[in-house]
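Remarks on the structure that follows.
The values are calculated or read from the model by the stated rules, or taken from the named source; none is laboratory data. Predicted model, so just to flag it, every value in this text is computed and none were measured. Heads up, the Cβs are rebuilt from the backbone with ideal geometry, glycines too, and the neighbour counts pull from every protein chain shown. Protein only, heavy atoms only, side chains kept; ligands, DNA and RNA dropped before computing areas. Shrake-Rupley method; radii C 1.70, N 1.55, O 1.52, S 1.80 Å.
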Amino acid sequence: MTNIKLEVCGGCNAKIPQESLETTLSSINNYKRDDILVGFDTMDDAAVIKIDEENGVVSTMDFFPPMVEDAFSFGQIACANALSDIYAMGAEPIAGLNIVLFPEDYNLEILREILRGGADKMIEAKASLVGGHSIHDPKIKYGLSITGRVDIKKLWRNNTVKKNDVLILTKPLGVTLVTNAYSVGILGKEELNKAIASMTYLNKYAKEIFEKYRISAATDVTGFGFLGHLGEILSDKFTAIIDSSKIPILDGAYKAASEFIFTKGGQRNRMYFEDRVEFLKDDFALEEILFDPQTSGGLLVSINEDDAKYAIKELRDFGIDANIIGKIYNKYDKSVFIE
């Protein structure tokens, strides 16, 4: 493995803000085929194309600049993040195409390590790499376009919650806060390594457990932060009351937020969603964690309340530190209340 370190500058923190995307996409004309079941109009995690009455093809892509110095770990994280959109639809990944932007004068050993990291996660996902595209660019960026398949009757959407469902989150929050705090010396290797372990862990295993239960809606928590993606799930039709004491948080994230290690993405997320959330406790560091952009974050699912305790037990028995973090109610004056 090369000893050359990547320049840390991205991850899902580099994502274009929700408001800008919504404004831009809403202005674009689009031809709507009858066999497109899910497109970009609903801001879902992936597109779904109907093949027949039972089967659908799921398609997504994701890429970004490095958020860690190690090239192999960056490749793993980028691949896990791209695969996550497939899992968030209740689907199975089949194949992937690499997307590579790489400086012309850089050591190709770095590129090899990035691609090796991506391939490692594709193998774990039991999906095949089938090609890709690469160009020269001043900044390294990497990701994949993933194709999957889904049983249409079991498809998960990100805006179909039901009243009295409870919410389960499967990974801790705070990865961008931790990686940024490490880069300025506030946190050490131990906290960074825990963040990397979380980002490289595939949502495959949580998805395979959840598909045994009654899931109303699902998404993965990435660049728009926990609150932004929760807002998508609620779709301005319901309200969620969140128990902040149940939210899993990465070691060091609270310290980083308390030390004012802000992220640009976190501030963009705050500006977009803060009018729709009410914090019932005075805890600015917690607010920053809930707005923090996540890279390769966990699944956030709305699940039948009677099923939730069984799903949680199965998740924890598997080694996934998931929690029931809140409940869905009829719409109040705010979309989210944080207790």
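Quick rundown of the values:
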| quantity | calculated |
| --- | --- |
| Fully extended contour minus Cα-Cα distance, from residue 164 to residue 106, at 0.36 nm per residue | 15.5 nm |
| Net charge of Cβ neighbours under 15 Å - reference residue 204; Lys, Arg +1; Asp, Glu -1 | -3 |
| Residues of the chain: accessible area per residue with a 1.4 Å probe, Å² | 45 |
| Electrostatic dipole magnitude of the chain [Cβ: Lys, Arg +1; Asp, Glu -1; Cα centre; debye, to 20] | 380 |
| The chain - convex hull of alpha carbons, volume per residue in Å³ | 136 |
| Most to least packed among 258-267, 104-113 [average Cβ atoms within 10 Å] | 258-267, 104-113 |
| The chain - mean residue ellipticity at 222 nm from DSSP helices (-39,500 (n - 2.57) per run, n ≥ 4, rounded to 500) | -10500 deg cm²/dmol |
| Gyration tensor verdict on the range 179-334 (Cα atoms; rounded if a/c is under 1.5, prolate if a/b is larger than b/c, oblate otherwise) | oblate |
| Options 219, 187, 99, ranked by Cα towards positive dipole end of the chain, top entry (Cβ charges) | 219 |
| Hull-based mean projected area of the range 31-123, where the convex hull spans the alpha carbons, in square nanometres | 7.5 |
| Inverse mean reciprocal Cα-Cα distance (Kirkwood Rh) of the range 102-250, Å | 18.5 |
| Value of relative contact order over the chain, rounded to a whole percent, pairs C-alpha under 8 Å and six or more apart | 23 |
| Rounded to whole Hz, the Karplus (6.51, -1.76, 1.60) HN-Hα couplings of the range 117-129, x for glycine and proline | x, x, 4, 4, 6, 5, 5, 4, 7, 6, 10, 9, 7 |
| Residue-count net charge about residue 245 - beta-carbon cut-off 13 Å; Lys, Arg +1, Asp, Glu -1 | -1 |
| Accessible carbon and sulfur surface of the range 238-339 relative to its total accessible area, %, 1.4 Å | 48 |
